[in-house]
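For reference, the structure discussed in these notes is given below.
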């Protein structure tokens, strides 16, 4: 089970690091959407993925739309008597998703998912980009796409799913995650 907290955007990063919750929900403006957030978190728990190596999932809002999956990493440092030591900088994954609050909903999401190559009249291969489209009815559904996209990077890095860790495959997974969330939400919350 996750410990869920609301945070205000005024908190410093030091305070965030001291709290170390699994799921952070940023900004007091989202407090009215508690049931929608709860539905997204319950849906995530029902996916049967091993999320134990995630330190934090952060949901926020702002004037931009962004997502980030931070991987664990360490670096070697030179210690006493020139011995090399490993210093752990981040020991677990972090996922951050921020929805743009200035958008009006419903909103169309259109993202690149795969290229198709066709020969043109001169016999040269042209790449024709293929896009997928889905409608977000509110910012929680938009966050579900972002969460699915960033979750793909985590699941691929931890070898829980097949595929290549590319942006286009993460987009495909994000659309799949969003569609499943919308269907599940419609059955349980509408």
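A few remarks follow.
- Extension gain from residue 107 to residue 46, taking 0.36 nm per residue of separation minus the Cα-Cα distance: 19.3 nm
- Distance from the range 111-126 to the range 131-173 (C-alpha centre basis), Å: 24 Å
- Sorting the segments 102-109, 50-57, 90-97 by their residues' average number of neighbouring beta-carbon atoms within 10 angstrom, most packed first, yields 90-97, 50-57, 102-109.
- Two-site label geometry, residue 180 and residue 128: point separation in nm, points 7 Å out along Cα→Cβ: 3.1 nm
Every number in this text was worked out from the coordinates using simple rules, so none of it is lab data. This is a predicted model, so every value here is computed, not measured. Backbone-built Cβ (ideal geometry, glycine too); neighbour counts: all protein chains shown.
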